[in-house]
Amino acid sequence: MIWWFNPFAVTTLAELLVRVLVLSPHPDDEAIGCGGTLCRHSAAGDELRVIFLTSGERGSRVMGPAETAVTRETEAKASAAVLGVGEIEFLRAPDGRLRISAELIGAIGKSIRRFQPHYLYTAHGGEAHSDHRAAARLATQTLAKMEGTKPFIRLFEVWTPLRRPNHFEDITAHIETKTRAVQCYASQCHNLRFDEACIALNRYRGLMHSECEYAEAFFEIKDL
C-alpha cells in the first residue's frame, strides 16, 4: 500500500488499517513529536508500536539514573495507553551516548521485519540533541540494509523545528489527548514544560502552515 502526499498540504490518513512503528530516542519524544498523529492512527483503528532506544536515565535533576530509568519507563507505559499504542519495547541503549551499532541495527531490523510497518516515525537529523540525530541515522541505515518493501519515514521535531517540513497532520481533534499523553511524563515536565512548548509549536504549525488550529510537522521520505 502506498499513499502519496501533496507537500505542505494537510491530508487525511488512508481509510485502511496501517501499521505504525515509532523509534523514540527517549521516553517522551514519541508523545511530543508525533503524539497527535498517533492519536489519529489509533482513532482509525491502526496498529501502533513504539521502540524506545534509551530509557532516558540521565533526564532528571533530582533522581539518580536507575530511578529515573524506572520512572520514565513507567511514564512511557501510561502515555502509550493514552495514545492507543498497543506494544512498547525498551532497548535501553545509554542515554546521551546513543550510537550506531550492529546490535541496535539488528534489533530494529528484526522488529521491522516482524511488524512490517507502513510508517516509521522518528526524530529528524537536524535536532539539537545528539541522541535524536542518532535515532534518525539508525532508522535510515537500518532500512538501507533491508530488502523488499520499506515503510515511509516521517521525521518529527522535538527540540529543534524542522527547516523544510513537507507533510503536516491536522491534530486539532486530538490536541487534548496529546496534551494528556505528554503530561504523563511528569518527571520531564518538571524539568521543562514540554507540554506547553510542544502544544505551542503545534499551534504555530497549524495556523502558519496548515490552515487548522493545531498540526504536527514532518519531513517525509518515500524512497530510501
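The values are calculated or read from the model by the stated rules, or taken from the named source; none is laboratory data. Computed from a prediction, not measured in an experiment: that's the story for all the values here. Every residue, glycine as well, gets a Cβ built from its backbone with ideal geometry; the counts of neighbours run over all protein chains shown.
Do the conditions hold for T142, that is, is it under 24 Å from P27 (Cβ atoms) and surrounded by fewer than 16 Cβ atoms within 10 Å (Cβ to Cβ)?
No: the conditions fail for T142.
Do we find that E57 is among the charged types (D, E, K, R), assigned to a loop (DSSP other than H, G, I, E, B) and out of contact with any Gly (no Cβ under 6 Å at 6 or more places or on another chain) in this structure?
yes
Starting from residues that are surrounded by 17 or more Cβ atoms within 10 Å (Cβ to Cβ) and of a type in the set (V, I, T), keep the ones in the stretch 145-166 and report whichever is nearest to the chain's Cα centre (by Cα).
Checked the stretch 145-166; the qualifying residue nearest to the chain's Cα centre (by Cα) is V158.
Looking only at the stretch 65-107, count how many residues are in contact with a Phe, Trp or Tyr (Cβ under 6 Å, 6 or more places away or on another chain) and outside any helix (DSSP H, G or I).
Counting residues in the stretch 65-107 that are in contact with a Phe, Trp or Tyr (Cβ under 6 Å, 6 or more places away or on another chain) and outside any helix (DSSP H, G or I) gives 1.
Kindly indicate whether E216 is buried (at least 16 other Cβ atoms within 10 Å of the Cβ) and either modelled with pLDDT of 95 or more or in contact with a strand residue (DSSP E or B) (Cβ under 7 Å, 6 or more places away or on another chain) (or both).
yes
Which numbered condition trips up I2, out of (1) modelled with pLDDT under 95; (2) at negative phi; (3) surrounded by 15 or more Cβ atoms within 10 Å (Cβ to Cβ)?
Among (1) modelled with pLDDT under 95; (2) at negative phi; (3) surrounded by 15 or more Cβ atoms within 10 Å (Cβ to Cβ), the lone unmet condition for I2 is (3).
Out of the residues in the stretch 70-80 meeting the condition of being without any contact (Cβ under 8 Å) to a residue 24 or more places away in the chain and over 15 Å from the mean Cα position of the chain (by Cα), tell me which one is farthest from R97 (Cα to Cα).
Among them, the one singled out is T74.
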